[in-house]
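Data block below; observations after.
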Amino acid sequence: MKKFFRTYGMLVILAVMFIVLYSSLPTFRNPQNLLNLLQQNAVNAVIASGMTLVIITGGIDLSAGSTAALAGMAAAAVMVRHGIALGVVAGLVAAAAAGLLNGLLISKVGIVPFVATLGVQIITKGILFISTNATPIYGLPLEYMTVGLGSIGPFPIATSIAVVVAVIMSVVLKHTPFGQYVLALGGNEDATRLSGIDVDRTKTAVYTIAAILAGIGGLILLGQTNTGQPQAASGYELNAIAAVVVGGTPLSGGQGSIVNTIIGALVLGLISNALNLMNVSPYWQPAVTGLIILVAVGIDTVSRKRK
Amino acid sequence: MSTNRDVSNQPVLEMRSIVKRFPGVLALDNVDFTLMPGEVHGLVGANGAGKSTLMKVLGGVYGDYRGEILIGQNACEMRSPREAQEHGVSVIHQEFSLVSTLTVAENIVLGMEPRRGTGMLGKAFLDWPRLRQQAASLLEELGFDKVDPDSRVADLSVAEQQLVQIAKAIAADARILVMDEPTARLSKAERDELFRIIDRLKHAGTSIVYISHFLEEVFQVADRVTVMRDGKVVAVHQVEDLDRRELVRLMLGRDIQSGDKVRVPSAADKAGMGEAVLSVDGLSRNGKFEGISFKLHRGEVLGIAGLVGSGRTDLARAIFGADGAVDSGNIVLKGKTYHPKTPRKAVRSGIALLPEDRKQQGLVLVRPVSDNTMLAVAHKLVRGLFLDHRARHREVDSMIKRLSIKCASQDVSVGTLSGGNQQKVVLAKWLAASPDILILDQPTAGVDVGTKEEIYVFLRRLAAAGSALIMISDDPEELSRVCDRILIMRRGRIVQELCGDAASGDVLTAVTGDY
């Protein structure tokens, strides 16, 4: 029973919340609202999938939001002149570069992840403002908006991207040697290195992958606004971290799963959706979200102690 | 030691019918344990016998035990470490509970700092001079004068940290001191110093529970011995009524041929000496070791003996590339020049290292037995890009059987296993990689007697099958029993080579010889 709750606890909470809202709020069960819910949380789900990998190594990525903005701006700048395909490539390359920088600062220079990614976050923001004079980039091809707002049948494209990313990342984590190294180095870096594994390269890869996923998040966001904004995605890294911890992945590293993170992202999304529908002032939303994080992690921590 | 002292007949501690259950395991089955004032009481048993669990109950770590605990005739509840402390019980674990960033003095008075202040701020401020002075006078009283109260704990040696831990317990008015494997990381000189301190403490009336795998030590320091097996107490004896053989028999429930050579005939025995797989020539690292030269042959177990700080661990790590490139010297591995730079390169060249500290360096404790066993070969057991889970499962199962690792399933985290079984998992990890050369740094540290014998036999079998082994150990007896040749290291140099027929006494003499 306890084991069941440890494994499926958050899923149960998600299901209960869903059932309660579904049966009590007519506006909630409106299909359009449900599709909106999925679409609005796609960006966070994608960024949080990468954040999960980082947190499993025992690290943190405070630059995820700024990397998303960087990818969006790079894509927008290239897209207006050279078309959508090159724009997307430019966005992802810029994101990967930021991630590589994180990875090298952490594994080669040895700066702790919190500080390294904080530094990269601030630098990235600065560069974005300098290079654009803080002005948005308009005039993107209209077709690009399908990425953010379009759908295949009733199913939003943004959500499809998130599902594909989550499935791939889940497979990478559970079914590849790389995933084993990520889990092992998060549990004990020294022992992993002494088992003949290139810990530095693994860490660099993790931060690069996380940044590419943040970049994908930024590209979806760009498709939703169709304007390249240097201050876009500000604070998104914190939403992603929240999804990871609400999902039950411990910050101590060595454990965790992508599925849990997706559940965490949905729980947070469901709450903000419900508050919206119940006409609660948006000012209340951060307070409620903060409370949910503390309650979820609190329950998890207490149940771990009692084992 | 001395037994003719006048001690009161009332026990300071009585534990009655203690029961502690873990999911699926009865860890303590109606255990009785008594401790007399001023007594050193040895607590021995194989790994998993329940001695650590019993001491954790006493220390208040497992609040949900059943049974009675009496301290000086009064029934007590030991539901938390705090309660245990209030009743004068102090447990010194193998991993010290000191704050390494604070000074010795700060650690000793932690939680009981002297305060000062005036008026409204009556006790708001630390009384630094008094704090320092209290700690210093306590250290002096205990005769630990070589420990500077102002040095940071992180800068102390293991032995000094242990003294601080003891001082801290005494400062907290501990009347019952539990020492769990206190000598595991000490050199011989430090060990003798500890025994003198134990003797002094007991004459001052402190009762000590002494847990150790080194039976010689138990005979040396203990007045009485309680033997545990499978969660039960199987015997309580005055130490002079026992001999080593009898004690081992009680612990294992069977006889063991101790002191005999563990001689599965190896390839080296059969065909003279096999070819040299590893030739080390003039290997040096500044401040660690110098001019190290030796040859290691196929089918051979080569021992390295030396005190802590003799450079033996640094040498092992250097060959494995754990600390980067060396300063000078050459290594020829299987006929080719080999420059150890990273563990990854070493592993790919067929060298494995079982490190001295299995928890910090050998295992990922939060991960399951399966992942740990397969860690070094994760990239090999794959189908295309993906892990071959079926093959992995089979391989882990066969390793568990081959080494008789005791675990509920291969999916339980390694952290839940006993020390001996954890060490077997590290061994399993390297066996899976089938290295040509296996370096073992203290493979039996913190491992029970029965498992030690299993490991010895296993190492000999590996050698017989053609592997080359280097075994570093603190225990002269095990070196002389298992190894074909023994190199003696002192102050970073190889000073002597003994052949495998050397008695343990010869090894000990060589290791501790004059400089």
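The values are calculated or read from the model by the stated rules, or taken from the named source; none is laboratory data. Keep in mind the model is a prediction, meaning the values are calculated, not measured. With ideal geometry, Cβ positions are generated from the backbone for all residues, glycine too; neighbour counts draw on all protein chains shown. Only protein heavy atoms, including side chains, enter the accessible area calculation; ligands, DNA and RNA are left aside. Shrake-Rupley method; radii C 1.70, N 1.55, O 1.52, S 1.80 Å.
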Using a Förster distance of 45 angstrom, determine the FRET efficiency expected from the C-beta separation of B:S97 and A:Y8, and round it to 0.05.
0.80
Taking every DSSP bridge whose two residues both lie in chain B, the antiparallel percent to the nearest 5 is 55 percent
Accessible surface, segment B:296-342, averaged per residue in Å² (probe 1.4 Å):
36 Å²
Label-point separation (nm) for A:Q231 and B:R66, each offset 7 Å from Cα along Cα-to-Cβ?
6.6 nm
Starting from the residue with the highest accessible area, list A:F129, B:F144 in decreasing order, probe 1.4 Å.
A:F129, B:F144
Rounded to the nearest Å, what's the spacing between the alpha carbon centres of segment B:381-426 and segment B:176-211? Just the number, please.
37 Å
With the radius of gyration and the Kirkwood radius both derived from the Cα set of segment A:51-194, what is their ratio Rg to Rh?
1.03
Let's test this: bin the Cα-Cα distances of chain A at 10 Å from zero up to the farthest pair and state each bin's percent.
6, 27, 34, 24, 8, 1
Overall dimensions of segment A:159-252 as given by Cα atoms, namely Rg and Dmax in Å
15.7, 49
Dipole check, segment B:51-210, charges on Cβ (K,R +1; D,E -1), about Cα centroid: among B:T103, B:L126, B:G67 the Cα furthest to the positive pole belongs to B:G67
For Cα pairs less than 8 Å apart in space and 6+ apart in sequence, what is the mean separation divided by the residue count of chain A, i.e. the relative contact order in percent?
32 percent
Stretchable slack from A:I122 to A:K108, in nm (0.36 nm times residue separation minus alpha-carbon distance):
3.0 nm
Length gained, A:D190-A:N30, 0.36 nm per residue minus C-alpha separation, equals 52.4 nm
In segment B:460-489, which residues have a backbone nitrogen under 16 Å from the label point lying 7 Å from B:K334's Cα in the Cα-to-Cβ direction?
B:466-469
Accessible surface of B:H389 - all protein chains present, 1.4 Å probe, nearest 10 Å²:
90 Å²
List the pair-distance distribution P(r) of the protein assembly as shown, using every Cα-Cα distance, as the percent of pairs falling in each 20 Å bin from 0 up to the bin containing the longest distance, rounded to whole percents.
13, 38, 34, 13, 1
Expected 222 nm ellipticity per residue - DSSP helices of 4 or more, -39500 (n - 2.57), all of chain B, to 500:
-9000 deg cm²/dmol
Measure of compaction for segment A:251-307 (Cα Rg per 2.2 N^0.38 Å)
1.34
With an 8 Å Cα cut-off and a minimum separation of 6 or more residues, compute the relative contact order for segment B:50-199 in percent.
27 percent
Per DSSP H run of at least 4 residues, take -39500 (n - 2.57); add these up for chain A, divide by its residues and hand me the 222 nm value, nearest 500 deg cm²/dmol.
-25000 deg cm²/dmol
Taking the Cα centre of segment A:41-296 as origin and charging only Cβ (+1 Lys, Arg; -1 Asp, Glu), how large is the dipole, in debye to the nearest 20?
140 debye
Let me check something: with ligands and nucleic acids excluded, how do B:T342, B:T416 order by accessible area (1.4 Å probe), largest to smallest?
B:T416, B:T342
Karplus-derived 3J(HN,Hα), 6.51/-1.76/1.60, for each residue of segment B:468-479, Hz, glycine and proline x
10, 10, 10, 10, 9, 8, 8, 9, x, 5, 5, 4
Between B:K123 and B:S157, the FRET efficiency computed from the C-beta separation at R0 = 25 Å comes out, to the nearest 0.05, as 0.10
Separation between the A:N133 and B:Q360 pseudo-spin-labels, each 7 Å from Cα along Cα→Cβ, expressed in nm?
5.8 nm
Reduced Cα scattering model of chain B, Debye log10 I(q)/I(0), q = 0.06, 0.08 Å⁻¹:
-0.32, -0.57
Given contacts defined as C-alpha pairs under 8 Å and at least six residues apart, what's the relative contact order of segment B:416-490, whole-number percent?
34 percent
For the protein assembly as shown, give the magnitude of the charge dipole about the Cα centre (Cβ charges: +1 Lys/Arg, -1 Asp/Glu; no others), in debye to the nearest 20.
2400 debye
Hey, rough spin-label estimate for B:R116 and A:V163, points 7 angstrom out along Cα→Cβ, what's it come to in nanometres?
7.2 nm
Quote the accessible area belonging to A:Y138 in square angstrom, nearest 10, computed with a 1.4 Å probe and with ligands, DNA and RNA left uncounted.
150 Å²
Interchain or long-range residues, amide H under 5 Å from B:V277's placed H:
B:L296, B:H297, B:R298
